[in-house]
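Everything below concerns the one structure shown next.
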Amino acid sequence: MSASGNFFENFRIGVTFRHATPRTLTEGDAALYIGLTGSRVPLHSSAPFGQSLGYRGRTIDDLLAFNVAFGKTVTDISLNAIANLGYAEARFIEPVYAGDTLRAESTVIGLKQNSNGRSGVVWVRSRAYNQMGQEVLSWVRWVMVAKTDEAAPAPAASVPELASAVAAADLTVPPFLRLQDYDIGAAGSSRLWDDFRPDERIDHAAGMTIDDPDHTLATRLYQNSARVHFDALAMQQTSFGRRLMYGGHVISVCRALAFEGLENALTIAAINGGTHCNPCFGGDTLYAQSRVLECWELPGRSDLGALRLRLIGIKNLAPGDVDEPRVEHGGKTSYHANVVLDLDYTVLMPRRRVLNS
Amino acid sequence: MSASGNFFENFRIGVTFRHATPRTLTEGDAALYIGLTGSRVPLHSSAPFGQSLGYRGRTIDDLLAFNVAFGKTVTDISLNAIANLGYAEARFIEPVYAGDTLRAESTVIGLKQNSNGRSGVVWVRSRAYNQMGQEVLSWVRWVMVAKTDEAAPAPAASVPELASAVAAADLTVPPFLRLQDYDIGAAGSSRLWDDFRPDERIDHAAGMTIDDPDHTLATRLYQNSARVHFDALAMQQTSFGRRLMYGGHVISVCRALAFEGLENALTIAAINGGTHCNPCFGGDTLYAQSRVLECWELPGRSDLGALRLRLIGIKNLAPGDVDEPRVEHGGKTSYHANVVLDLDYTVLMPRRRVLNS
Amino acid sequence: MSASGNFFENFRIGVTFRHATPRTLTEGDAALYIGLTGSRVPLHSSAPFGQSLGYRGRTIDDLLAFNVAFGKTVTDISLNAIANLGYAEARFIEPVYAGDTLRAESTVIGLKQNSNGRSGVVWVRSRAYNQMGQEVLSWVRWVMVAKTDEAAPAPAASVPELASAVAAADLTVPPFLRLQDYDIGAAGSSRLWDDFRPDERIDHAAGMTIDDPDHTLATRLYQNSARVHFDALAMQQTSFGRRLMYGGHVISVCRALAFEGLENALTIAAINGGTHCNPCFGGDTLYAQSRVLECWELPGRSDLGALRLRLIGIKNLAPGDVDEPRVEHGGKTSYHANVVLDLDYTVLMPRRRVLNS
């Protein structure tokens, strides 16, 4: 609630922050998001396509909703963050339509002071709700936050147990979703759930150079107020030397780059985990690589499956040149210097039998 | 009406220009404006928040409406302007909603030829109307305009008397506005009208680097056709050497930067005066400083007060480093070289008693 | 349908591609398009203006609809294009409103292998339909496409006959269009159809510098996936050395720059032909020059005429400095190095008698 944000010693397990500035998402946000990412996901592009599946129209892009909801948490949780360390257990629960208003809240679920005594890790579970009070999204993230008073006592360390992945049975499949009229021509590919196998790797050919005005426009659209993304003058004093690209926008761009090869991915059902491995800056060219982790049937649905995917975001290097996202240097493995994102997520995809119905 | 615009000798006291290109403002404009400024003003962000106060929904940002209305006046009034000298008596009269269409007209209310005989100052009162013919906005501005025919006779000098501020009694408070359900959590601060005192100063921590594509995108959105903002090649021939940032967008950005600390400012009721003290260019980092000038009760409202504020826009220097916007050099005072905006404006803000109702 | 696109040897005369990703166009797209171009065409700016002419509201900009429809054809037709050689017979048939969904298909109507055996020219007729199945737009374009298998046999050469212009009788005039309430004040000029004469030339004063983030934002909005516009790293390996500006956006910008002098051009009825004469890059400043080719009466309409215009797009040189778009060098004529667009198109414009009705 304070303009200077919260520091590590301000967080207490169990405290819930109700974040400011509810946001009505509209066709305007949807259009600008397409302009910022070039996304061609049919469910977010075409109202009749959405209606043919039982949706009320096209939906707001899953990651636009996520980034806007995430943006609300920044002032309370991460204005003084040193690093965003990870995501887990993100679930996409209700579709978001133009006209819906999102608000968000976060509960502290873990705390651990760093051994240096100058910072600590805060785990929060955040939830976004629409104007009808329905839970639309939830996710866990953990961030390293500075202390402002180093003399403040360390809290009892409490590290939450997090699932390695949202289980198939916990994925939300809209109950109204019907695929008997599914149009593979709309997405532009005939590859369906049945056509993927674990360990398959797709090097997506598309690349996109992101300039400073691109990522700052996106990050303002998300109403994310973290200063590292906007204030080039202040960033000159940091080791980065310039504005940092918001990691959530890196996810958005990489997801759009990964469209070709995964055209029939209907919607994102979960983000199981994610790491921003290296920073991105204006002028970087992003590429994407996808690896199929698991192919899941879904309880009660013979028309739809889930794919657990690993999305590797790469900067300034063709994806064919990255065989392993992690590399060994002197006996230690760490992320390849050009790998910027390692995202484990789950999509819903129609199964081949929808073509025969 | 001419593509080459009007020159000083073309203006006559009392003549009214009806400006071209009415504009329907939509959710699309609202979204892009958030993208361009990062604005988090709740009334412009959330439809349910607006409805809880008696509005039909969220409203189009006051300054988006102002900049669009202003943009319409450029072709007739300031295409040949040498300088925008000031604003006064700007009143925000009716809320603007997505779907409303604005048109604008301007009446010449003052003329004074400069002693050099090559230019003069033109004062106009401009008004914007919605599609129902309601006056939505009005303002006075004065600009220095070149003569094209230096032999044209000087008009009788006529300088209008302008109020130093729109008086509290002249501020428009929407008659339907009700604050009994006012939600301070939506804005993210519990500081209300009662908590401000004249002479308080807020150095807003947020800074924003504005690149050329940012301000040109904004200025095109406003349909402002002044060439100094767009034509980098022609600007190379000027003393600036490059594109000038549109001053109205500087106001928009500084207002967004000044959000923290003034979160409960509901809406702008008036701009009492304003000066663009120094030019801004792509790459400049903007900061904002607010000073409270006056705290006004409002006739007939115990739930709402007005704050008259001074918004100082600063480039490339932290706001804490600007103690006085005007500095003395050799016995003369002039604006600090890093001060780009000195805006005197009035906002409406709920009073503490709304929390007890 | 394949991520690597089609090569010359994959095209067969008569084959129709049904392109992916239908797109719902909204007020969001309309707003962003104004932001990207600064367009002030009244029919695309003001809902009441459109309604006064019999339209349901304001319409989606003709060129926004064209660029979006065009974008859909890229994956199937021109992902491996070496050059976009030309357009012809583009007809704007139905108005597009916010909420309409466009889909597109293309039929191969001509093929001719180049003498080098490594590429060939493909002619396609593309059509865009709205969600009601109405044909909204159609056009022919031809592109030079690489072969991937040089040993593939050359098809029988077949070059379609194309009209030099869409004839006046073939232009679509909306049957509901009524001009008795036409408001010349809305457009800001009293120059109507009767005031133009063949061979008139207008050097439009406005210029606009387009930065890389501008044209990439536009091209992503159009969901155009051609990599040459986005991937600066890959483009370093080409003779261009950097990202190419999408030619359709050059048309959009030049049309907006050509507004002054042609304010009463209601709508584009046809594109008769067009050439992207030289490439544009981020940082180029664009200007426009218009030449009146023909002034046509329209069958059955005494209130409306058509102007066939030639729009010359120029980079980095004032339009007054280009007397001839084509210049002679050593006995051969070719385009002036600063001319980037040569577009032959037809607009509808009210006739003077609407003022007396």
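The values are calculated or read from the model by the stated rules, or taken from the named source; none is laboratory data. Note that this is a predicted model, so its numbers are computed, not measured. Virtual Cβ from ideal backbone geometry, glycine too; neighbours counted across all protein chains shown. We work out accessible area using only protein heavy atoms, side chains counted, and drop any ligands, DNA or RNA first. Shrake-Rupley method; radii C 1.70, N 1.55, O 1.52, S 1.80 Å.
Points worth noting:
- Taken over segment C:29-80, the criterion of being small (G, A, S) and more than 23 Å from B:N224 (Cβ to Cβ) is satisfied by C:S52, C:G54, C:G57, C:A65, C:A69, C:G71, C:S78.
- Test result for A:G54, open to solvent by less than 10 Å² (accessible area, probe 1.4 Å) and either under 16 Å from A:T267 (Cα atoms) or within 14 Å of chain B (Cβ to nearest Cβ) (or both): no
Here's the yes/no breakdown for (1) surrounded by 24 or more Cβ atoms within 10 Å (Cβ to Cβ); (2) under 19 Å from A:D100 (Cβ atoms):
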site	(1), (2)
B:G38	yes, no
B:P42	yes, yes
B:L63	yes, no
B:F70	yes, no
B:V74	no, no
B:N80	no, no
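- Of everything in segment C:319-352 that is in contact (Cβ under 8 Å) with a residue 60 or more places away in the chain and not in a strand (DSSP E or B), the residue that is farthest from C:A83 (Cα to Cα) is C:R352.
- Criterion violated by B:A88 - all others in (1) open to solvent by less than 20 Å² (accessible area, probe 1.4 Å); (2) more than 18 Å from the chain's Cα centre (by Cα); (3) not polar (S, T, N, Q) satisfied: (2)
- Some residue of segment B:162-169 being without any contact (Cβ under 8 Å) to a residue 40 or more places away in the chain, closer than 22 Å to B:L298 by Cβ and not hydroxyl-bearing (S, T, Y): yes
- Total residues in segment C:32-47 satisfying the condition of being more than 7 Å from chain B (Cβ to nearest Cβ) and free of Cβ contacts under 8 Å to residues at least 24 places away in the same chain: the figure is 1.
- Residue check, B:G185 more than 25 Å from A:R23 (Cα to Cα), without any contact (Cβ under 8 Å) to a residue 40 or more places away in the chain and either more than 14 Å from chain A (Cβ to nearest Cβ) or more than 22 Å from the chain's Cα centre (by Cα) (or both): no
- Looking only at segment B:97-119, and only at residues there that are more than 14 Å from chain C (Cβ to nearest Cβ) and among the hydrophobic types (A, V, I, L, M, F, W, C), the one that is most open to solvent (accessible area, probe 1.4 Å): B:I109
- Hey, B:E27 within 14 Å of chain C (Cβ to nearest Cβ) and either open to solvent by 30 Å² or more (accessible area, probe 1.4 Å) or acidic (D, E) (or both) or not: yes
- Those residues of segment B:128-148 which are in contact with a Phe, Trp or Tyr (Cβ under 8 Å, 6 or more places away or on another chain) and open to solvent by 10 Å² or more (accessible area, probe 1.4 Å), in sequence order: B:E135, B:W142, B:A146, B:K147, B:T148
- Of all residues in segment C:277-318, those satisfying the criterion of being over 18 Å from the mean Cα position of the chain (by Cα) and either hydroxyl-bearing (S, T, Y) or in a strand (DSSP E or B) (or both) are C:D284, C:T285, C:E294, C:C295, C:W296, C:E297, C:L298, C:R301, C:S302, C:D303, C:L304, C:G305.
- Test for C:L217: is it farther than 24 Å from A:K315 by Cβ, modelled with pLDDT of 95 or more and open to solvent by less than 10 Å² (accessible area, probe 1.4 Å): no
- In this entry, B:I93 passes the filter for residues that are touching a residue at least 24 places away in the same chain (Cβ under 8 Å), open to solvent by 10 Å² or more (accessible area, probe 1.4 Å) and hydrophobic (A, V, I, L, M, F, W, C).
- Reported count of residues in segment B:6-24, each being open to solvent by 30 Å² or more (accessible area, probe 1.4 Å) and closer than 24 Å to C:S45 by Cα, is 3.
- Only helices (runs of 4 or more DSSP H) whose full extent lies in segment A:191-276 are considered here, and the ones with at least 1 residues that are touching a strand residue (DSSP E or B) at 6+ places or on another chain (Cβ under 8 Å) and more than 8 Å from every other protein chain (Cβ to nearest Cβ) are A:247-257.
- Subset of segment A:312-352 [within 20 Å of A:L63 (Cβ to Cβ) and basic (K, R)]: A:K315
Per-residue answers, yes or no, for (1) of a type in the set (F, W, Y); (2) in contact with a Ser or Thr (Cβ under 8 Å, 6 or more places away or on another chain); (3) surrounded by 22 or more Cβ atoms within 10 Å (Cβ to Cβ); (4) modelled with pLDDT of 95 or more:
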site: B:P279; (1), (2), (3), (4): no, no, no, yes
site: B:G283; (1), (2), (3), (4): no, yes, no, yes
site: B:D303; (1), (2), (3), (4): no, yes, no, yes
site: B:G313; (1), (2), (3), (4): no, no, yes, yes
site: B:R351; (1), (2), (3), (4): no, yes, no, yes
